[in-house]
Amino acid sequence: PCITGDNYTAIYRLTRALIDLGHQQVALFVPGLWSGKSLEIVIDAHTRALREAGLQFIPEAVEFSRKLDHHSLKSMKEFLQHFPDVTAILTTYLDVAIKMAEYADLVDWDIPGRLSLASLQTGRWGTPPMNIFGAQYDWDKIIRKAMELIIDEKFKINENGFSRLVMEPKLNHSQPSSIAPPPQPSK
C-alpha cells in the first residue's frame, strides 16, 4: 500500500493553532518544488483556516517564496524584509523553518518571541534544541496497518497495483516550541 500524510488537514490545523495563539499575519512559505494539486491543497487549507477566523490570506507570500532558493540565508532575509508585518511563518518544508531559524539567530531575533515558525513536518533546531512546531504521524500505527493490509487476503488492490492510505496528522506541542503568541506592540 501507498501511505501518505493528510497535508490538507495538517496545514489547516497548523494555521488554526497559530491563529488561536493570536497571530493575524501568517505567511505561507511554499518552496518552488511544490506544484499542481499538492500546492492547491495547502493553499486551500491555509486560506480556509484564515477565512474562518476573519483573516486575510497573503498570496504574495506564496508567490514570493516560490521564487526563492529555500536553502539560502539570503532568501530568508529577503522574505522577512518583504513581509515585515508577518508574526508567524508556516512552511511546507522543514528545511525552510530551520533555515529561517538560522537567519533569525544571526540577526538576534527571538524565536518564538519575535517570529513563530511552523512546518508541515516537525523537527528540532538549535542549541539548546527547540522543537519546530509541525505535524507528525504515528509511524508504528501506520506500519502496523500497512502490514495488516498486505497480509489480509481480502485486501483488494486497485488497478494501479497498490492501495493508498491517508493518515491523520497530529500536532507536535513539545516544549520548547518554535511558536508563541505574537509580540505585543510597544507603547
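Every number in this text was worked out from the coordinates using simple rules, so none of it is lab data. Small disclaimer: the values here were computed from a predicted structure and weren't measured.
Each Cα pair under 8 Å and six or more residues apart adds its separation to the average, and for the chain the resulting relative contact order is 30 percent.
Helices in the chain, meaning DSSP H runs of at least 4 residues, each add -39500 (n - 2.57). Divided by all residues, the mean residue ellipticity at 222 nm is -12500 deg cm²/dmol.
For the chain, the C-alpha radius of gyration sits at 1.11 times the compact-globule guess of 2.2 N^0.38 Å, with N the residue count.
For the options Val26, Val166, Val62, a Gaussian network treatment of the chain with springs between C-alpha atoms closer than 10 Å singles out Val166 as fluctuating the most.
With the Cα gyration tensor of segment 38-107 giving a ≥ b ≥ c as the square roots of its eigenvalues, does the rule (a/c under 1.5 for rounded; else a/b larger than b/c for prolate; else oblate) give rounded, prolate or oblate? Note, shape of segment 38-107 comes out prolate. If the chain linking Arg66 and Ile151 were pulled fully straight, counting 0.36 nm for each residue of separation and taking away their Cα-Cα distance, it would gain 26.4 nm. Checking the a/c ratio against 1.5 first, then a/b against b/c, what shape does the Cα gyration tensor give for segment 1-72? The shape class here is oblate.
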